[in-house]
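Okay, so here's the structure we're looking at.
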Amino acid sequence: MALTSRRGFLKKAGLGTAVAATLPTPALSTAIRSAADDGIATNIADALAHPRTEASMPGLYPGTVVEAYDAQAVQDGVIDEERATAMLARSMRELTGAPDVTQAWLRFVQPGDRIGLKVNPVAGKLLSTSPSLVRAVIAQLEAAGIPRDSIVLWDRREFQLHDAGFTTEEFPGIRIRGTECKDSEGSFRDANGRLYSEDRIDKEWYYWADCEDSYDEETLPYMVNEGKHSYFSSIVTKEVDKIINLPILKNAGSSVTLCMKNLAYGAVTNTARLHKPLWAETCAQVPCFPPLRDKVVLNIVDGLIGCYHGGPGANPQFILPYHRLLVGSDPVAVDRIGLSIVEAMRMEKKVQDKPSPRARGFLELAESYELGVADINRIHHTRIDLS
Amino acid sequence: MKYLLPLFLLIHSAVAFAGGPLVISRDLPGWTIEDPDFYNAKQLYGYINGGAELYLEYGFRNVTAQRCSKADHELQVDVYEMRSDEAAFGMFSILRGSCTGTVPGATWSCVRPEQILFARGKYLVSVVPYDRHRDTRDAAMRAAKALLARAGKTDFRPNELFRTGPLSPGLQTMKYLHGPLALQSALASWDDRFAGIERFAMEYSRFGKGKKETEAAIIRFRSRRDAERFLRQSGVPGALKAKGWFVGGDGTSALVKGGKTVYFLAGGRAKNLRTRIK
C-alpha cells in the first residue's frame, strides 16, 4: 500500500479535498444534540474559533489506521522488545509509504523539534504503556535525528510515571515530567504551602465547563485546582512542539480509553468533575484546543498487552496480550479501530453481546469537530501480520 | 479480665484502619508491609483516576492500599469499603471474571493466578501478586485469608430465587448491577432497555448453554414510571397491567410486583421457569 500524501488518501477515501469538509452526518448531529441536551455549557466554541493549521488533527493521514499483529510479541506475559520494535517500524513504513523507517518518522518530526511522548501509566505497571514500546519509539526517533534531550516523557502524575517504570535510570537522557509532582520528600507543596504543580500549568489555555466539584486537602494536589476551569499543562503548551500519543488498548466500561481520552484527561487539570457529566464531551472537546489539536502528530496505541473489561483500572484477570499496535495520525480513526478490537474481545469473552452505540458517541462528536474519521466504513484499515 | 478490653482495642486498632481491615506482619512473616495509604470518596480519583466512577456509583466509602514485599516479590492489597454488602458484592460481581479457585470460607470469592478477589460484608478485597512465584502466590492467599477473617461475618444475600430457588443455576454468575455505569460495564446489550433510567438495582444472571441459555433478572426501580419505561423498552409493556407473567412476541417475559419490582426472563428455559416463579 502506498500512502504518500494526504491528498492521495483523501481521493482514495472519497473524502473530497479536505477532511475539514467532512460534514456532520445525522448520527453526528444526534451526538451534538445529546451533548447540548445535557445542558452543561463548555467553551468548545473558543477552541473551534482558532484557525486550523496544516498540522491540525487528523494530521497527515486522515482516516487511516495501520494495525500490526505479531502472535509472538508477548510470551508468558513478557513483551519481546525486538518484535515490538519491528512491529513499530513496519507500521510506520506502511502508514507513510516511506522507503525506510527513518524516512517514515521524518514525515512527522524533524531535528530541532521538542517531542513529547504522552504515555499512560495511570493503572500502574500492570497496565501501563510499555517501557519496551517507548524504548522502540525513542530509538527510532534518535535514528531520525532527534536527540534524547529533545524528548520528554510526560503525563499527569510524575510519580505514576516512575511507578510504571519510566525513570531516569531506565531512560537516561530523557526528561520525565508530570504536571502533578512531588518533591524529594514526597510533598506536593513547597515550604509556603504552594503546589509545585501550579508552576506546571498554563492559565492562558483552559477547558471551561459549567460544572464543578470541591476537593479536600489530600485530593487537590491530584487535581491542581477546583472550579469550572481545567487548565492545560504547560508541558503541552510550552515544553513540547510535537506530541506522540501512546495510550494503551483498554476498555472503559463498554467504551475505550485510547487516543482521545489519553489526551483529553491527560493534558488538563481538575478532571474529576468532568468524568460523570461530560465524559464524551471532554474526550472530544479538549483535543480541539490548539495545544493538542495542532501538536499531536502521531498516535501509537500500545496493544501489546491491554484489557477488555475492568478498565481503565488494572484488574489483572481481564488483562491479556492483544499482540497488536495501532498506528495513525488520526486519533479518532485509531480509536474507532481500537474500539472494534476491544468490543470483539468483550464479545468473545461474553462480557458483551453486541457493540454498544453509546460507546462510540465521543468519536462521533470528535468527528463533528473535524478531528478525524469516526465512521468505520470510511476508515482505511490496513492489517499486517508479522507473526 | 480488666486487661482484656484494652488488649482487644490494641489488637483491633492494629488490624483495622479507618474501618478497613489491614494485613499485619504476623500474616506474612518475613515480608515487609508498608504503611497503608488511605483514600476516601473525594480522594479516589487520586488513586484510580478513570476507574473511580463505577465505585462511586455503587457507593464507595474508602480504600486502604497496602504494598507488601519480600526481596523481589511484591503484593498489592486493596480493601475497598463500600456503602453496603450489596455494593461490595456488586463490584465483585462485575470484576470476578472466570475463576480457577476460591478463598476458603468466603461465600463470594474468585482466585486466579493474577488476582484474588472477594467480597465480605461491605468490603471488596483485591490481592494482586506481581509475579507468578509460588512464594508470592502463597503469601497472597495468606493475606486474603487474614483479611477475610477480619472483614466480619455478614455477606450479601441474593434473592431467594437465586440462592435456593429455580434461578439457583445462575447464582455463581449472578451480577448485582446498580446504575448506568455498571450496566455499561457488565451488560451493555441492555442499554436500550434502561435508556433514560438512572437509578435501579438489578440481580441478573445468564446461565445454561445453547438452546437452554437463559437470562433472568430481578430489578427494583425507584418509581413505577421507570418500571413502565423499562417494560416498554424491553418489548413487554403489557406486564404492568397483567395479573401474572406477561409474555412478549419474542418470548421475553416479565412479571411486575408492587408496581416497581420487575421479574424478567428470556431465553430457553424461560417458559419452564415462569411456571415456578409466581
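Listing for the model above:
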{"quantity": "Helices (runs of 4 or more DSSP H) contained in the range A:207-285 and holding at least 1 residues within 14 Å of chain B (Cβ to nearest Cβ) and touching a Pro at 6+ places or on another chain (Cβ under 7 Å)", "calculated": "A:259-267"}
{"quantity": "Any hit, the range B:201-224, residues being within 14 Å of chain A (Cβ to nearest Cβ), within 14 Å of B:Thr261 (Cα to Cα) and out of contact with any Ser or Thr (no Cβ under 6 Å at 6 or more places or on another chain)", "calculated": "yes"}
{"quantity": "Selection count where residues are surrounded by fewer than 17 Cβ atoms within 10 Å (Cβ to Cβ), under 22 Å from B:Ala119 (Cα atoms), modelled with pLDDT of 60 or more and not acidic (Asp, Glu), scope the range B:1-37", "calculated": "1"}
{"quantity": "Filter pass, B:Leu255 being within 14 Å of chain A (Cβ to nearest Cβ) and on the phi < 0 side of the Ramachandran plot", "calculated": "no"}
{"quantity": "Restricting the range B:176-186 to residues that are within 11 Å of another protein chain (Cβ to nearest Cβ) and in contact with a strand residue (DSSP E or B) (Cβ under 6 Å, 6 or more places away or on another chain), the residue that is farthest from A:Tyr308 (Cα to Cα)", "calculated": "B:Leu183"}
{"quantity": "Residues located in the range A:183-206, provided they are over 22 Å from A:Leu263 (Cα atoms) and within 14 Å of chain B (Cβ to nearest Cβ)", "calculated": "A:Gly186, A:Phe188, A:Leu195"}
{"quantity": "Top-ranked residue of the range A:153-194 - restricted to ones that are in contact with a helix residue (DSSP H, G or I) (Cβ under 6 Å, 6 or more places away or on another chain) and hydrophobic (A, V, I, L, M, F, W, C), ranked as surrounded by the most Cβ atoms within 10 Å (Cβ to Cβ)", "calculated": "A:Trp154"}
{"quantity": "Tally, over the range A:106-160, of residues that are in a helix (DSSP H, G or I) and of a type outside the set (A, V, I, L, M)", "calculated": "12"}
{"quantity": "Given (1) away from chain A (no Cβ under 14 Å); (2) more than 22 Å from A:Phe159 (Cα to Cα), number of the condition B:Tyr80 does not satisfy", "calculated": "(1)"}
{"quantity": "Check on B:Arg274, surrounded by fewer than 20 Cβ atoms within 10 Å (Cβ to Cβ) and in a strand (DSSP E or B)", "calculated": "no"}
{"quantity": "Selected residue [away from every other protein chain (no Cβ under 13 Å), small (Gly, Ala, Ser) and surrounded by fewer than 24 Cβ atoms within 10 Å (Cβ to Cβ)] from A:Ala344, A:Ala333", "calculated": "A:Ala344"}
{"quantity": "Qualifying residue in the range A:292-311 (condition: within 12 Å of another protein chain (Cβ to nearest Cβ), hydroxyl-bearing (Ser, Thr, Tyr) and closer than 16 Å to A:Ala123 by Cβ)", "calculated": "yes"}
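Matching residues to (1) hydrophobic (A, V, I, L, M, F, W, C); (2) in contact (Cβ under 8 Å) with a residue 24 or more places away in the chain; (3) buried (at least 22 other Cβ atoms within 10 Å of the Cβ):
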residue	(1), (2), (3)
B:Lys209	no, no, no
B:Ala217	yes, yes, yes
B:Asp226	no, yes, no
B:Gln233	no, yes, no
B:Lys241	no, no, no
B:Gly249	no, no, no
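The values are calculated or read from the model by the stated rules, or taken from the named source; none is laboratory data. Please read these numbers as outputs of a predicted model, since none were measured by experiment. Cβ sites come from the backbone with ideal geometry, for glycine too, and all protein chains shown count toward neighbours.
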